[in-house]
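Accompanying notes for the structure given below.
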Amino acid sequence: MKKKLFILFGVVLIFSGLFFLFGSRVLGVFFPKKEYVLTRSESSVHRFRDSSTRLDAIRVKVFYAVPRNRTGDIPNDWKTPIEEALRRAVSFHSLQFRGKSSLAFDVYPKPVILDEESHFYNTDITARGNPHALISVAEELDRRVFQPDGDLYDAGFSAFKKGEYPVFGIIYEGVGASGGIIQDSPKQSAGEVARELKLPEFLIFKVHVPSANGFFILSRDFLTDAEYHVNSATLLYHEFSHTMAIPDGYDLDTGASYTADIMGDGRRKPLLRTYLSRDILSGMGLVE
Amino acid sequence: MNEETIQPKNHFFRVFARSPLRNRLLAMVLSVSVLPLIIFGVLALYSINASHSYDIASIEESVLLQKKDEILRVVDDIKGVFTIDLNLRTRSFIMPESADCVSYSLQNGKEDLDGILFGILQYHASIEEVSLIDRDTGREIALMSRTQTGDLSILLPDCPDEKRGYRLSNFKDLSGLEKFKKARTGTVYLSDVYFTESGPMMTIAAPVFGKAYDGGRAVIVAVISGEINLSLLGRIISETHLGNTGFVYLVGHDGRLLASSEKRDGYYNLLASPVVYDVLRGNDRIGSGGMGYYDGTFKKEVLASGVSIPNLGWGVVAEWPRDDANSIVNIIQNQNILFSLVLVFVVIVMSLFLADRIIAPIRKLQEGTKRVAKGDFGVNLNLKTGDEIEDLGAAFNEMTKGLKEYQQLKDEFVFIAAHELRAPVTAIKGYLSMIEEGDAGELSPKMKEYLTPVSQSNKRLVNLVNDLLEVARQEAGRMTIDVAKIEPASAIESTIEELKPLAMEKNIAITYDKSSARAVLADEARMKEVMVNLLSNAIKYTVGSGTVLIWHETSGETLITHIKDTGIGMSKESQEKLFEKFYRVPDERTKKITGTGLGLFIIKQIIEKMNGRVWVASEVDKGSTFSFSLPLAK
């Protein structure tokens with residue numbers, strides 16, 4: 001009888017001990033049941049509305065391009081404001097794309113003295129940011145720096161790593177503020193391309209810049225003149241944005257803004273307080 | 001029941017089997033104390049867990065509602081600043097001067113507008129930029145910005161001097177922006193949160209009302225717009241903590257993290273969290289019923305609650321890692337367990353101690369009673385328990401005292417009676433002997449026939465008196481033992497010679513191996529007395545013919561003498577009582593063998609007086625071996 005009592009007592013003790021030790025888990029009924037966490041898609045940043053061109057890593061080859069008759073206007077410290085603006089652009093890019101796309105730049109070590117005088121690049125029409133200068137300067141740079149037979153060819157500088165999206169950035173000693181993408185097309189005319197892309201024809205140009213997928217031009221004045229000290233870096237990034245196929249958010253003719261971000265009204269604000277809109281970011285594959 | 005005969009099968013229980021009463025007491029005390037302790041512990045654990053869950057939910061709810069109020073106060077405060085109701089009659093802040101030139105309509109021109117904007121900027125540090133947009137043209141007619149350098153940017157008039165105005169085309173055209181379109185209709189506009197390097201920001205735009213010229217409803221004169229830095233909300237959130245690792249965060253309407261009480265590097269979207277998901281759909285998750293449990297983005301296994309911020313579509317969420325939230329419960333539980341284990345241990349030890357305290361005097365009584373049963377009346381128990389057991393001990397001592405006195409009286413009586421009887425029975429023996437020898441004349445056959453039983457009865461009486469006298473002497477302490485170095489072989493050989501006729505009568509062969517005999521310390525006469533008794537018993541209790549073997553062996557410092565017979569033997573029960581007074585083995589075959597039952601008791605006393613020991617090993621019908629030991633003489 002006593003043996004049974006001892007066994008019973010031992011069992012009660014063991015169970016009570018176990019209950020004490022693990023009771024809170026058993027009594028987890030007082031706490032809510034575990035819920036599942038939803039699965040979200042991963043971001044894959046690409047050109048605006050063009051998922052075939054990834055923008056995981058963008059590298060900008062930046063040149064200070066000076067027409068041969070404007071060499072006297074080259075400031076002593078031409079490089080610092082360019083690099084400063086580019087650094088700020090890199091930081092802005094990282095924030096806006098949540099780290100899903102990286103931006104890097106290399107500045108050509110010397111000002112590139114262009115073959116022609118300024119009137120060749122500017123022509124009489126510098127409206128809409130002087131795209132003619134952008135194209136002619138970009139073509140010249142590609143020929144002289146990136147082709148092996150170019151007089152300024154530099155194998156190290158002209159190389160892009162595998163997977164990098166190549167961009168030319170031109171800081172121009174003259175009038176300029178435009179940018180765009182470079183895309184192969186079997187079409188023969190700008191009009192045909194414009195119709196295919198449903199864009200105004202004045203936005204389509206025929207170019208020969210095989211070393212880049214995008215290019216932009218910005219007058220050096222925007223980076224150094226006091227008038228633009230508030231939004232110089234903003235303007236640089238605004239033009240750079242076009243190399244990712246991001247369109248303007250304002251009317252090119254009237255200047256009226258229809259977006260508040262850096263592509264519209266925000267282009268006038270300091271880079272510290274502007275942004276890329278969610279519509280653009282989602283159009284570039286960023287999952288919020 | 002003899003305690004030594006209890007042999008539980010399981011060794012574990014043998015430890016406790018020696019005191020059933022103690023075990024019963026122990027079990028009772030443990031049942032009364034430990035079981036309630038266990039029940040209380042279970043109930044305590046139950047209630048702690050039940051109330052703890054509620055407490056966690058309550059704490060989170062309280063924190064969240066407080067943060068929600070603070071955030072709404074800030075937002076409403078800012079919205080209030082942008083609610084401008086001018087107490088003046090005007091339809092617009094600008095008026096056309098020519099096709100492209102305008103001037104400001106207020107008395108002090110643009111200064112007045114700048115003053116309004118400046119006041120707004122100064123009111124709240126979160127307002128980074130404020131501007132006025134003309135209602136009709138959508139042009140930004142005044143702007144003030146809190147830049148990094150603190151400069152305020154202003155426009156300069158640039159119309160020809162004679163027009164004294166500003167070129168309309170130089171004012172930014174914001175007519176296409178959503179903020180203008182919405183505010184122009186009379187609704188306050190709040191944009192999505194956008195992320196800048198200054199922190200998360202949002203745009204607010206509201207109509208500016210002025211008095212109607214006709215005294216009717218207020219008219220919208222312009223749209224006022226501001227850029228608000230939401231870092232202040234971050235500061236509200238950052239001052240919040242739950243326990244050691246719990247935290248609170250603010251999410252935008254799409255799940256983007258706007259602020260967190262813990263520093264977070266990088267960008268996060270928390271829409272995947274179930275509580276965030278529900279809250280952003282307007283379903284508050286607060287209270288015991290709303291609290292959620294899941295693997296959070298920042299920490300595993302969190303208990304989370306959330307509330308939505310109305311009008312903004314934001315959410316404030318609290319996540320408290322479960323381990324941290326339950327740490328206090330775990331501490332209490334562990335303390336509870338430790339305390340309970342210690343208490344159980346103490347109860348068990350105290351119970352054992354208490355039971356032993358109760359049992360100990362009872363054991364003494366038990367031991368004393370056993371000794372009394374064996375004839376030891378000198379027992380005196382000293383029980384100091386202060387209760388009935390002490391009274392029982394005192395009564396026991398009185399009893400043993402009485403028994404001892406009685407024994408002494410009895411011993412004295414036996415001694416006197418035996419002593420007084422000895423002379424007459426010896427005289428009777430003497431005279432009977434002379435009559436049998438013919439000293440009183442020739443006996444007729446009839447006379448011999450009558451005298452024989454008388455002679456035998458007298459012989460038995462003489463033996464009885466002698467044995468009683470011997471026992472009485474021993475018990476009175478009058479038995480004399482003269483221990484000296486002796487050779488046991490000679491005493492044994494003389495005993496054999498003396499009893500040879502008796503053995504030959506029954507055809508019993510006595511063999512003595514004295515090769516191992518050695519000198520011992522003993523009283524030779526007494527030793528012979530012992531040998532006579534043992535050898536005569538060996539002969540008497542052998543039915544028919546048989547053998548008796550005597551030999552020695554040395555064991556340590558003693559010489560053992562064995563006497564082995566081929567007699568009737570005896571049972572185990574008889575062996576245990578063999579050396580008691582008056583005990584005779586109950587056997588039909590030995591009923592006719594005369595004896596007082598005192599012989600073995602006497603020889604046991606004698607051997608023990610000589611610092612020896614006597615014992616027996618026997619088996620029914622197979623004979624017995626009596627052995628005794630005596631100390632070797634050095």
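Below, the figures for the structure above:
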{"read-out": "Proximal lysines to residue A:4, defined as alpha-carbon separation beneath 16 angstrom and excluding residues fewer than eight positions away on the same chain", "value": "B:9"}
{"read-out": "Alpha-carbon Debye profile of segment B:481-631, log10 I(q)/I(0) at 0.09, 0.11, 0.21 Å⁻¹", "value": "-0.25, -0.39, -1.46"}
{"read-out": "Qualifying GluC sites (Glu not before Pro) for segment B:351-438 [loop in DSSP, other Cβ within 10 Å: at most 12]", "value": "none"}
{"read-out": "Net lengthening on full extension, residue B:619/residue B:187 (0.36 nm per residue, minus Cα-Cα)", "value": "143.4 nm"}
{"read-out": "For residue B:340, solvent-accessible area (1.4 Å; no DNA, RNA or ligand), Å²", "value": "10"}
{"read-out": "Nonlocal amide H pairs with residue A:170, under 5 Å, H built at 1.01 Å", "value": "A:63, A:216, A:217, A:218"}
{"read-out": "Amide H contacts under 5 Å for residue B:197, placed H, 5+ residues apart", "value": "A:274"}
{"read-out": "Estimated [θ] at 222 nm from DSSP helical runs (n ≥ 4, -39500 (n - 2.57)) normalised by residues in chain B, nearest 500", "value": "-15500 deg cm²/dmol"}
{"read-out": "Charge context of residue B:482, other residues only, Cβ under 11 angstrom, K/R +1, D/E -1", "value": "0"}
{"read-out": "Percent carbon-and-sulfur accessible area, the protein assembly as shown, ignoring ligands, DNA and RNA, probe 1.4 Å", "value": "55"}
{"read-out": "Charge tally in the Cβ shell below 11 Å around residue B:132, where Lys, Arg are +1 and Asp, Glu are -1, residue B:132 excluded", "value": "-1"}
{"read-out": "Between segment B:375-451 and segment B:255-269, the Cα center-to-center distance that results, in Å", "value": "111"}
{"read-out": "Inter-label distance, nm, simple model (7 Å from Cα along the C-beta direction), residue B:397/residue B:547", "value": "5.9"}
{"read-out": "Bridge type composition, chain B - antiparallel percent by DSSP, nearest 5", "value": "90"}
{"read-out": "Length released on extending from residue A:253 to residue A:185, taking residue separation times 0.36 nm less the Cα-Cα span", "value": "21.7 nm"}
{"read-out": "Under 17 Å from residue A:110, Cα to Cα: aspartates and glutamates that are on another chain or at least 8 residues apart", "value": "A:73, A:77, A:83, A:84, A:140, A:142, A:151, A:154, A:173"}
{"read-out": "Cα gyration tensor of chain B - equivalent ellipsoid semi-axes, whole Å, descending", "value": "132, 23, 18"}
{"read-out": "Accessible area in the full protein assembly, largest first, 1.4 Å probe, for B:464, A:114", "value": "B:464, A:114"}
{"read-out": "Environment charge of residue B:25, counting only residues whose C-beta is closer than 11 Å and scoring Lys/Arg +1, Asp/Glu -1", "value": "+2"}
{"read-out": "With Cα atoms, 0 to 90° folded angle of helix B:327-373 axis to chain B main axis", "value": "10"}
{"read-out": "Within straight-line cross-link reach of residue B:79, lysines at Cα separation under 19 Å, skipping those fewer than 8 residues along the same chain", "value": "B:67, B:68, B:179, B:181, B:182"}
{"read-out": "Which listed pairs, of B:540/B:622; A:198/B:172; B:459/B:592; A:33/B:299, have C-alpha distances above 19 Å, in listed order", "value": "A:198/B:172"}
{"read-out": "Calculated diffusion of chain A, Stokes-Einstein form, Kirkwood radius summed over Cα pairs, 10 °C and 1.306 mPa s, µm²/s", "value": "73"}
{"read-out": "Pairwise FRET efficiency - residue A:102 versus residue B:295, Cβ, R0 = 30 Å, nearest 0.05", "value": "0.55"}
{"read-out": "Qualifying trypsin sites (Lys or Arg not before Pro) in segment B:375-441, DSSP loop, other Cβ atoms within 10 Å at most 15", "value": "B:384"}
{"read-out": "Tilt relative to chain B, helix B:20-81 - C-alpha long axis, 0 to 90 degrees, to 10", "value": "10"}
{"read-out": "Hull-based mean projected area of segment B:82-229, where the convex hull spans the alpha carbons, in square nanometres", "value": "9.4"}
{"read-out": "Trypsin sites (Lys or Arg not before Pro) lying in DSSP loop within segment A:162-270, provided at most 16 other Cβ fall within 10 Å", "value": "A:162, A:187, A:198, A:206"}
{"read-out": "Exposure of residue B:593 as accessible area (Å², to 10), given a probe of 1.4 Å and all protein chains", "value": "30"}
{"read-out": "Residue-averaged 222 nm ellipticity for chain A, from DSSP H runs of 4+ at -39500 (n - 2.57), nearest 500", "value": "-9500 deg cm²/dmol"}
{"read-out": "Segment B:82-229, dipole about Cα centre (Lys/Arg Cβ +1, Asp/Glu Cβ -1), debye to the nearest 20", "value": "560"}
{"read-out": "DSSP-defined antiparallel bridges as percent of all bridges, the protein assembly as shown, nearest 5", "value": "75"}
{"read-out": "Degrees separating the helix A:131-141 axis from the principal Cα axis of chain A, which is the longest one", "value": "90"}
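The values are calculated or read from the model by the stated rules, or taken from the named source; none is laboratory data. Since the structure is predicted, the reported quantities are computational estimates derived from the model, not experimental observations. Here Cβ is always computed from backbone atoms with ideal geometry, including for glycine, and neighbour counts include all displayed protein chains. Each accessible area value is taken on the protein alone, full model and side chains, heavy atoms only, with ligands, DNA and RNA left out. Shrake-Rupley method; radii C 1.70, N 1.55, O 1.52, S 1.80 Å.
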